Amino acid sequence: MESNAIYEKNFLEDCLGELKQLRLQWSSGQWYEGRHSRRLDNPTSMCSLGGADYEHYSFIMRESSECVYQAICKTILDLASEYGLECKHLVCQRREAYQYVDDNDDGPVAGLDRKRAVHILCIENDGGKSVFVIKEFGIGEQLPPDFEKYLKGSCRASSLTYVSLVEGDADKEDLGHRGNIIDVGKFLRDQFGAEEEACFFDYFEQLKARANDVFGLKVTKTLQYMELGGFRADLLKNVRERSYPINVMGKALTDGQRAVIEKHYLEERRCRATVGGTDFATSFITAEWLYSSLRGAANVDLTPVALGYFKALEQFLAKLIEALTFSEADGARSISLDSKNKKNKKLYWKVDGITDYSRWIPVEDGAVAVSPKLFAEGFRYALNLGRLAGFFGSWDKRENTLVPENKDLLNSGIEDGAYEAIILTLQSLREMRNGYLHKDNLYEWAEVDKVRDELYTVFYLMLGSYRLDERAIAHLDVLGPKCSKGFDRLCVYIDQASREKLDPPGIPVFYFGQDAHPGDFYLACPADGDPVIDRFGRVVSHPGACFRRAWSKTSYDFKITVENAPSIIREGRLLFGKDDSGVIKFDLTGAEKTIFEKGEFLE
């Protein structure tokens with residue numbers, strides 16, 4: 001059935017037109033909420049922690065959401081008419097709906113003053129009638145029980161179903177919900193077929209894309225200390241779970257090579273260096289924050305985002321060279337400064353463009369000896385990306401051959417294929433960096449993605465391939481603050497587990513001791529107090545880990561400290577779901593893994 005005209009009119013003409021008008025009213029400083037005008041220069045409520053900017057943003061989002069809601073409802077109605085469904089359309093104000101609530105009703109009261117009209121459809125299928133209430137996600141959006149009964153009775157319907165305006169997972173709000181609930185996709189499939197569902201979402205994505213172009217609005221995160229910890233944790237998870245390439249720069253990594261690299265990078269947790277407290281980790285985290293905040297932005301110069309990754313790379317290579325040469329005598333290895341400096345006999349100290357000729361390092365045959373002195377503030381200016389990368393080797397394009405350097409620093413078991421992949425990736429990044437610094441503005445996200453992907457690959461290959469002793473591991477800040485070991489890491493883990501949503505298939509539960517009965521479990525609770533956070537967003541010390549019984553009504557029943565921590569804590573899951581009749585069922589897996597033993601956190 002031809003329904004494109006419906007989507008064109010409702011989504012891309014009417015709805016988009018209203019959104020454009022909203023944008024014009026907003027940018028001119030005048031818009032309307034109900035009958036009351038609101039101006040940009042109105043005073044801001046003291047209760048609004050976000051300030052005036054947030055109030056303006058939230059208002060425009062509420063009004064935009066209303067436009068989209070009405071457009072979706074109108075489109076569903078038009079589709080029902082187009083398909084010839086026997087359909088009765090009811091509209092009521094939410095305040096009118098609540099007049100059916102008894103004074104003693106314990107149902108949700110959120111939304112009492114909402115002005116949104118609730119769209120209700122009574123559809124006749126196969127001789128029976130069903131009521132469908134179109135709503136946004138959230139239990140607070142449902143109707144009062146008495147009004148649900150009134151609707152079913154007045155429509156002579158056998159069922160009432162909420163159509164939640166989400167793309168899947170509508171049943172996540174179904175705990176405690178009185179009626180059946182489905183997402184809008186299932187409603188469209190059931191009533192109009194899968195092809196119509198696909199067409200609906202295709203046009204809806206067009207609407208969203210054009211609306212984003214109209215508003216140019218995006219939430220940009222700020223990295224305060226407390227938020228930085230969460231961002232670092234998410235970033236480390238991405239580093240660990242990322243799918244690293246099997247073929248790098250035309251060099252295939254064998255399964256054996258990948259196993260060796262991943263043993264060091266993932267199992268030995270060298271990947272933690274990427275989010276540690278070093279300068280290169282800070283630059284990398286900052287670049288990732290810029291990337292996630294600006295992703296999708298158009299008509300802006302993306303060079304600063306790309307250069308953030310290049311800065312992280314330069315700092316990483318310098319730090320890695322320091323770490324690899326700690327145990328060696330000064331001058332055992334060298335870094336080539338390039339051919340034009342072969343006549344220079346000295347590398348002078350320079351800070352902020354001012355040269356101190358009394359302080360220098362000897363230069364021999366265009367190369368400078370590797371020593372701690374070379375990495376001091378006044379000599380670091382000479383260590384650019386090309387020179388740092390050249391320490392590990394280079395690729396002679398004329399001869400199309402590898403020129404190895406310091407290959408003996410590799411771990412045993414690293415083969416030529418992995419080594420060549422490292423050198424070729426570094427060469428590629430060097431060439432891209434030179435291009436970005438000496439050409440027009442960068443507008444393509446694909447190019448930023450390429451830089452980002454190759455930096456991730458460098459971390460993976462080099463931290464997984466080079467030989468690092470304990471001193472080198474500490475220099476790269478793989479382990480983090482000493483106090484983040486054991487107990488404090490357990491507390492962070494429990495605090496994060498307490499915030500896990502009550503979503504199927506279940507939530508984590510915890511057992512004290514090796515042989516605890518499956519039913520003798522505790523639930524995680526939020527920490528009783530704030531942890532001490534360092535400037536990198538990492539927990540330095542923690543007030544303790546809190547637990548409670550499932551039936552408890554207190555904030556927590558048991559608090560673990562360093563003094564009373566059990567010798568063993570194990571983790572399982574409390575599973576829940578529905579049987580065929582819709583009844584919620586619970587089950588316990590029992591302890592599945594040990595997360596804490598004799599003061600050591602094992603996750």
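The values are calculated or read from the model by the stated rules, or taken from the named source; none is laboratory data. As the structure is a computational prediction, the values presented were derived from the model and not from experiment. Note that we place each Cβ from the backbone using ideal geometry, even for glycine, and neighbour counts take in every protein chain shown. These accessible areas exclude ligands, DNA and RNA; they are computed on the full protein's heavy atoms, side chains included. Shrake-Rupley method; radii C 1.70, N 1.55, O 1.52, S 1.80 Å.
The residue pairs whose first member lies in the range 146-159 and is under 16 Å from Val91 (Cα atoms), whose second member is open to solvent by 50 Å² or more (accessible area, probe 1.4 Å) and charged (D, E, K, R), and whose beta carbons are closer than 7 Å, counting only pairs six or more residues apart or on different chains, are Glu148/Arg178; Cys155/Lys88; Cys155/Lys129.
Candidates Phe59, Phe132, Phe147, Phe137: the one that is modelled with pLDDT under 85 and buried (at least 17 other Cβ atoms within 10 Å of the Cβ) is Phe147. Taken across the range 331-339, residues that are of a type in the set (Val, Ile, Thr), in a strand (DSSP E or B) and open to solvent by 20 Å² or more (accessible area, probe 1.4 Å) do not occur at all. Of all residues in the range 406-421, those satisfying the criterion of being part of a helix (DSSP H, G or I) and aliphatic (A, V, I, L, M) are Leu409, Ala418, Ala421.
When each of Gly84, Gly127 is tested for being in the same structural domain as Leu22 (by the TED database), modelled with pLDDT of 80 or more and at positive phi, the lone residue that passes is Gly84.
Considering the range 166-183, and only residues there that are open to solvent by 40 Å² or more (accessible area, probe 1.4 Å) and not polar (S, T, N, Q), the residue that is modelled with the lowest pLDDT turns out to be Leu175. Of the candidates Ser394, Ser358, the single residue that is surrounded by 13 or more Cβ atoms within 10 Å (Cβ to Cβ), assigned to a strand (DSSP E or B) and of a type in the set (Ser, Thr, Tyr) is Ser394. For the range 252-271, which residues satisfy the criterion of being under 11 Å from Phe459 (Cβ atoms) and out of contact with any Ser or Thr (no Cβ under 9 Å at 6 or more places or on another chain)? Result: Arg270, Cys271. Scanning the range 422-453 for residues that are outside any helix (DSSP H, G or I), among the acidic types (Asp, Glu) and free of Cβ contacts under 8 Å to residues at least 24 places away in the same chain returns a single hit, Asp440. Just one of (1) touching a His at 6+ places or on another chain (Cβ under 8 Å); (2) surrounded by 19 or more Cβ atoms within 10 Å (Cβ to Cβ) fails for Leu388. It is (1). Of all the criteria given as (1) more than 23 Å from Gly277 (Cβ to Cβ); (2) touching a residue at least 60 places away in the same chain (Cβ under 8 Å), the one not satisfied by Lys346 is (2). Taking the stated definitions as given, is Glu405 crowded, with 16+ Cβ neighbours inside 10 Å, under 19 Å from Tyr265 (Cβ atoms) and of a type outside the set (A, V, I, L, M, F, W, C)? Taking the combined requirement at face value, the residue does not satisfy it.
Checked against (1) more than 23 Å from Arg240 (Cβ to Cβ); (2) assigned to a strand (DSSP E or B); (3) modelled with pLDDT of 90 or more, Phe576 passes all but a single condition, namely (3).
Residues checked against (1) under 21 Å from Ile423 (Cβ atoms); (2) touching a helix residue (DSSP H, G or I) at 6+ places or on another chain (Cβ under 8 Å); (3) not in a helix (DSSP H, G or I):
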site: Trp289; (1), (2), (3): no, yes, no
site: Gln315; (1), (2), (3): yes, yes, no
site: Leu320; (1), (2), (3): yes, yes, no
site: Gly378; (1), (2), (3): no, no, yes
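Considering only residues that are in contact with a Gly (Cβ under 9 Å, 6 or more places away or on another chain) and of a type in the set (D, E, K, R), look in the range 229-257 and name the one that is nearest to Asp416 (Cα to Cα). Selected residue: Lys251.
Within the range 301-310, the presence of at least one residue that is among the small types (Gly, Ala, Ser), open to solvent by less than 20 Å² (accessible area, probe 1.4 Å) and under 29 Å from Ala281 (Cβ atoms) is confirmed. Looking across the range 206-254, the residues that are surrounded by 13 or more Cβ atoms within 10 Å (Cβ to Cβ), at pLDDT 75 or above, over 16 Å from the mean Cα position of the chain (by Cα) and part of a helix (DSSP H, G or I) come down to Gln206, Leu207, Arg210, Ala211, Asn212.
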